[in-house]
Amino acid sequence: MPPVSFAGFGLGLRKQHYAEFLECRVAVDFVEVISENFMVDGGRPRQILRDVRERYPVALHGVSMSIGSADGLDGVYLARLRALVDEVEPLFVSDHLSWSRIEGFNSHDLLPLPYTNEALDLVCANIDRAQDVLGRAMLIENPSSYIDFAPADMTEWQFLDRMCAKTGCGLLLDVNNVFVSATNHGFDPIEYLDGVPHDRVRQIHLAGHSQGRELLIDTHDKPVPASVWDLYAHVLPRLGPVATMIERDDDIPPLDELLAELATARRVGGQMLAHAA
Amino acid sequence: MSLYALQRDMRAWLIAEDDVAAGRLGADAAPGLRVYQNNYRAQLVACLEESFARTRDWIGGEAFHQAVIAHIDRVPPSSWTLDAYPRDFPATLATRYPDDPEIAELAWIDVALGEAFVGPDALALTVEDLGDVDWDRATLRFTPTLDIAELTTNAPAIWSALAAGQEPPAVEPLPEAGATLVWRQGLAAQFRAVDQYERRALLLARAGMSFPDLCAAMVGALGEEAGIARAGALLGQWVRDGMIVAIEEKA
């Protein structure tokens, strides 16, 4: 079954804002939580998630599935995620086109894949298994990357297109990640955005980045910059109903600042969709 | 290069800066590899700093940082969850500070409180639930978040003072080894120090010894009157602390 469609604007739920989300009705259409933060046995995190779920639609966004691991997926992880999915009944279940784990070592980072036919087959087999265990289609997010492995058999957007076609998964399109990787590896972000399978995009991430010593770094610690808003405005008219989210993971500002950024997303989104019609 | 070989090479670089492995990943890969290695180590450092705040307060930021670096080199992460990474750090501290046992004992409190915070839910019994219990056939069942560690110093008092922002007491060895208990009561993780008698009673009871046999063991250790009185006092304390979640009555 393909991933559901949902049009709306949301925020990532972060600890600093738990009380506001639970004590009043925050003007969001959904919230996204980091799955692993709630894949615990019990206690306050699970209680908070139950309370949040009573008030808002929730998307589960994972960072540890390691969908590109050459030695396959972790069955314990999948079983725990399935239990969380059954409890939360989320809008989406997503993770990244990356790998973290090999032979019992877990980097807890989103490491890059080469875009080869071998990697495509492996990633598709892992997505098939995950979707079987979860009983639903996943969304896979394009990564930001700092290494461009050569030689490759295809571009990243071709890889995403073939991955979606083979597995039936959807895409979580992180526009900031497109900008970061395009800057680091010298490809055209417009060509990327025009090349992804638009009918598979169900969610968009918008975030900020920082200039490192040698590379642009996906830090999620700043407001969405103009460069990313421009790419969002470019791609949005090409997509169907889509959920847009502001993603901030560090230097978390007051909730009002994030809601102001989300209002910008609503305005840009409204303008672009009206223009496209 | 196969995907498997590529991932092994990246692991080798992240763990040990293996330049030969890095070279196989491409001459242009060096700047990116440095970013990934920085992310890897920074994430583990942040995890341990967050998990061991009181231990860090006690030994100081620089000594703590050196211990963290040594631990990351010695123990690469293996679990899917970062929550598991702090578990082995008290052992690293015990090795680095063999003459300062309070350091590993503080670290155990830090990590055990974190684990109890997200441990399994279980509804504790109250005093009102005890009215109809047949104590001659009773066996106590404890909350699944209860954890016990040996204690040889006044580490719990040091931890409490540091958490309150007060001047911690000087380290003192205990006259007799006891234990630290950690558990969760409702949504709040708790801890307290106990003497050798409560430690032994808890270990026996948690292993499934019936309450009458537990009373007999306490009588054996403390004498008839004191043993019975202590067993009753412990039962009351455990119930008030929210540690008992069921009482089974066996035939």
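Details
- Selection status of B:ARG11, assigned by TED's automatic domain parsing to the domain that holds B:VAL111 and in a helix (DSSP H, G or I): no
- Sole residue being under 15 Å from the mean Cα position of the chain (by Cα) and β-branched (Val, Ile, Thr), chosen from A:VAL242, A:VAL235: A:VAL242
- Counted residues, segment B:64-94 - those being of a type outside the set (D, E, K, R), away from chain A (no Cβ under 12 Å) and farther than 15 Å from B:ALA46 by Cα: 5
- A:VAL31 surrounded by fewer than 16 Cβ atoms within 10 Å (Cβ to Cβ), touching a Phe, Trp or Tyr at 6+ places or on another chain (Cβ under 8 Å), not in a helix (DSSP H, G or I) and not charged (D, E, K, R): no
- Output for segment B:46-80, where each listed residue is free of Cβ contacts under 8 Å to residues at least 60 places away in the same chain, in contact with an Asp or Glu (Cβ under 6 Å, 6 or more places away or on another chain) and not aliphatic (A, V, I, L, M): B:PHE52, B:THR55, B:TRP80
- A:VAL76 falls short on exactly one of the conditions (1) aliphatic (A, V, I, L, M); (2) outside any loop (DSSP other than H, G, I, E, B); (3) more than 8 Å from every other protein chain (Cβ to nearest Cβ), and that condition is (3).
- Test: residue in segment A:164-171 that is modelled with pLDDT under 95 and among the hydrophobic types (A, V, I, L, M, F, W, C): no
A quick yes/no check of all residues on (1) crowded, with 19+ Cβ neighbours inside 10 Å; (2) touching a Phe, Trp or Tyr at 6+ places or on another chain (Cβ under 7 Å):
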residue: A:GLY195; (1), (2): no, yes
residue: A:HIS198; (1), (2): no, no
residue: A:ALA207; (1), (2): yes, no
residue: A:PRO225; (1), (2): no, no
residue: A:VAL228; (1), (2): yes, yes
residue: A:HIS234; (1), (2): no, no
residue: A:PRO241; (1), (2): no, yes
residue: A:ILE246; (1), (2): yes, no
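For every residue, the table says whether it meets (1) in contact with a Lys or Arg (Cβ under 8 Å, 6 or more places away or on another chain); (2) not β-branched (Val, Ile, Thr).
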site	(1), (2)
A:HIS209	yes, yes
A:ARG213	no, yes
A:TYR232	no, yes
A:LEU239	no, yes
A:THR264	no, no
A:VAL268	no, no
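- Lone unmet requirement of (1) within 23 Å of A:GLY135 (Cα to Cα); (2) outside any helix (DSSP H, G or I); (3) within 14 Å of another protein chain (Cβ to nearest Cβ); (4) touching a Leu at 6+ places or on another chain (Cβ under 7 Å) for A:ARG82: (2)
- Criterion: in contact with a strand residue (DSSP E or B) (Cβ under 9 Å, 6 or more places away or on another chain) and either of a type outside the set (Val, Ile, Thr) or closer than 17 Å to B:TRP58 by Cα (or both) - qualifying residue of B:ALA207, B:ALA161, B:ALA189: B:ALA189
- Residue among B:LEU3, B:LEU48 that is modelled with pLDDT of 95 or more, within 14 Å of chain A (Cβ to nearest Cβ), farther than 15 Å from A:HIS108 by Cβ and surrounded by 21 or more Cβ atoms within 10 Å (Cβ to Cβ): B:LEU3
- Taking every residue in segment A:33-58 that is farther than 14 Å from A:SER94 by Cα and more than 11 Å from chain B (Cβ to nearest Cβ) and pairing it with any residue that is in a loop (DSSP other than H, G, I, E, B) and not polar (S, T, N, Q), at least 6 positions away or on another chain, the pairs with Cβ-Cβ distances below 6 Å are A:PRO57/A:LEU91.
- Candidates B:ALA217, B:ALA189, B:ALA201, B:ALA207 - the one that is within 14 Å of chain A (Cβ to nearest Cβ) and not polar (S, T, N, Q): B:ALA189
- Whenever a residue of segment B:24-45 is within 9 Å of chain A (Cβ to nearest Cβ) and under 17 Å from A:PRO143 (Cα atoms), its partners that are part of a helix (DSSP H, G or I) and among the aromatic types (Phe, Trp, Tyr), lying with C-beta atoms within less than 6 angstrom and at least six residues away or across chains, give the pairs B:LEU33/B:TRP13.
- Among the residues making up segment B:66-118, those that are of a type outside the set (A, V, I, L, M), surrounded by fewer than 21 Cβ atoms within 10 Å (Cβ to Cβ) and farther than 22 Å from B:THR153 by Cα are B:GLN66, B:ASP73, B:ARG74, B:PRO76, B:SER78, B:SER79, B:THR81, B:ASP83, B:PHE117.
- Qualifying residue in segment A:123-137 (condition: out of contact with any Cys (no Cβ under 9 Å at 6 or more places or on another chain) and assigned to a loop (DSSP other than H, G, I, E, B)): yes
- Pair list, Cβ < 6 Å and 6+ apart or interchain, from segment A:93-114 residues that are farther than 19 Å from B:GLY32 by Cβ and within 8 Å of chain B (Cβ to nearest Cβ) to residues that are in a strand (DSSP E or B) and at pLDDT 95 or above: A:ASN106/A:SER100
- Residue in segment A:158-165 that is within 14 Å of chain B (Cβ to nearest Cβ), among the polar types (S, T, N, Q), surrounded by fewer than 24 Cβ atoms within 10 Å (Cβ to Cβ) and part of a helix (DSSP H, G or I) present: no
- So B:LEU123, is it in contact (Cβ under 8 Å) with a residue 40 or more places away in the chain and surrounded by 21 or more Cβ atoms within 10 Å (Cβ to Cβ): no
- Selection within segment A:134-157 - away from chain B (no Cβ under 14 Å) and either hydrophobic (A, V, I, L, M, F, W, C) or buried (at least 21 other Cβ atoms within 10 Å of the Cβ) (or both): A:LEU134, A:ALA137, A:MET138, A:LEU139, A:ILE140, A:GLU141, A:ASN142, A:MET154, A:GLU156, A:TRP157
- Hits in segment B:152-168 - residues which are without any contact (Cβ under 8 Å) to a residue 60 or more places away in the chain and within 25 Å of B:TYR197 (Cα to Cα): B:THR152, B:THR153, B:ASN154, B:ALA155, B:PRO156, B:ALA157, B:SER160
- Number of residues in segment A:60-73 that are closer than 21 Å to A:GLU247 by Cα, among the aliphatic types (A, V, I, L, M) and within 11 Å of chain B (Cβ to nearest Cβ): the value is 2.
- Scan of segment A:1-17 for residues that are aliphatic (A, V, I, L, M) and either under 20 Å from A:LEU134 (Cα atoms) or at pLDDT 95 or above (or both), ordered by number: A:MET1, A:VAL4, A:LEU11, A:LEU13
The values are calculated or read from the model by the stated rules, or taken from the named source; none is laboratory data. Since the model is a prediction, treat every value here as computed from it, not as a measurement. All Cβ positions, even for glycine, are placed from backbone atoms using ideal geometry, and neighbour counts span all protein chains on display.
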